[in-house]
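Presented below is the structure to which this report refers.
The values are calculated or read from the model by the stated rules, or taken from the named source; none is laboratory data. Small disclaimer: the values here were computed from a predicted structure and weren't measured. Every residue, glycine as well, gets a Cβ built from its backbone with ideal geometry; the counts of neighbours run over all protein chains shown. These accessible areas exclude ligands, DNA and RNA; they are computed on the full protein's heavy atoms, side chains included. Shrake-Rupley method; radii C 1.70, N 1.55, O 1.52, S 1.80 Å.
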Amino acid sequence: MTVAIVQFGGSNCDRDAVRALSHLGIDAELVWHEEDLPEETTGVMLPGGFSYGDYLRAGAIAANSPIMAQVRDAAESGVPVLGVCNGAQIGCESGLTPGAFTTNRSARFQCEHVYLRVENADTPWTAAYEEGQVIEVPIAHGEGRFEITDEEYDELDADDRILFRYCDENGIVADGTNPNGSKGNVAGIVGDSDSVAVMMPHPERATLPDIGGTDGEGVLYGFA
């Protein structure tokens, strides 16, 4: 059982992901994007960073890397796939999930802790939480604003495919609790299958007690 952490030129959260998963007792292996997924791959994580310097659009070039065809095949076969931050951008750009991530409403890079409300606890990525539970995790992005058409957003909402929404410490979702201007305060969604998910906040940075809390552990248990 091995989670493949895909490295692109510009990835910078890949080793953080390995350390966080290892801390939870989950085997993880770094895989360069020009290589093949290992035969023993039981999960795939697309980590944060700045693949290809975020040129063109964040995640757009990495979405066309050789390994992504294998990632899409793995996702279609039921292998759990999680994209975090830049990995979320890559996931959307490659068609693993709908929508897109674009420039923050503030037009600034934002690095801070935020609160998330669990919208659907019936997925591998949220099964460790309860619906309505509030968790605290960090964000670090300049293009984290989730955008999607009104029709597609309504479909996501109706199908319970929204994992997290930005909120305050009491679980109140409002415009003032939205750090980047994401449509509907969306912080994470699942694809056609709930084994595929993308999220802008960093759960791997909220798994080690000595560096900022453990609220993100539950997300990574989706690989267990």
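For the stretch 77-224, report the accessible area per residue in Å² (1.4 Å probe, heavy atoms, rounded to an integer). Write down the numbers at each step before the final one.
Working: 5750 Å² over 148 residues.
In whole numbers, the stretch 77-224 has 39 Å² accessible per residue.
Residue separation times 0.36 nm, minus the C-alpha to C-alpha distance between Glu136 and Glu35: what's the value? Don't skip to the end; give the middle numbers.
Values: separation 101, 0.36 × 101 = 36.36 nm, distance 3.49 nm.
Separation in residues times 0.36 nm, less the Cα-Cα distance, equals 32.9 nm.
Which residues does the label zone of Asp210 cover in the stretch 21-42, counting backbone N under 19 Å from a point 7 Å along Cα→Cβ?
Output list for this probe position: 21-26.
Collect residues whose amide H, placed 1.01 Å from N in the peptide plane, falls under 5 Å from the amide H of Leu163; neighbours closer than 5 in sequence don't count.
Result for Leu163 returns Gly188, Ile189, Val190.
Taking Cα centroids, how far is the stretch 137-190 from the stretch 17-39 in Å?
A separation of 28 Å, based on Cα centres.
With an 8 Å cut-off on Cα pairs and a minimum separation of 6 or more residues, tell me the relative contact order of the stretch 162-224 in percent.
Values: 75 pairs, mean separation 13.5, N = 63.
Dividing the mean separation by the residue count of the stretch 162-224 yields 21 percent.
Roughly speaking, to the nearest percent, how much of the chain's 1.4 Å accessible area is carbon and sulfur? Could the numbers behind the result be given before it?
Values: 4090 of 9310 Å².
That fraction is 44 percent.
In nm, what is the difference between 0.36 nm times the number of residues separating Ala174 and Asp157 and their Cα-Cα distance? Display every interim value, and only then the final one.
Working: separation 17, 0.36 × 17 = 6.12 nm, distance 1.64 nm.
Residue separation times 0.36 nm, minus the Cα-Cα distance, leaves 4.5 nm.
State the antiparallel share, in %, of DSSP beta bridges confined to the chain, rounding to the nearest 5.
60 percent
Between Ser22 and Cys111, how high is the FRET efficiency from 1/(1 + (r/R0)^6) when r is the Cβ-Cβ distance and R₀ = 25 Å? Nearest 0.05.
Values: r = 24 Å, r/R0 = 0.97.
E(calc), rounded to 0.05, equals 0.55.
Near the amide H of Ile5, under 5 Å away, which other amide H atoms are found, from residues 5 or more places off or on another chain, if H is placed in the peptide plane?
Amide H to amide H, under 5 Å and 5 or more residues apart or across chains, Ile5 pairs with Glu29, Leu30, Val31, Met45.
Taking 8 Å as the Cα distance limit and 6 or more residues as the minimum spacing, I'd like the relative contact order of the stretch 30-92 as a percentage.
Working: 85 pairs, mean separation 29.2, N = 63.
Averaging sequence separation for qualifying contacts and normalising by length gives 46 percent for the stretch 30-92.
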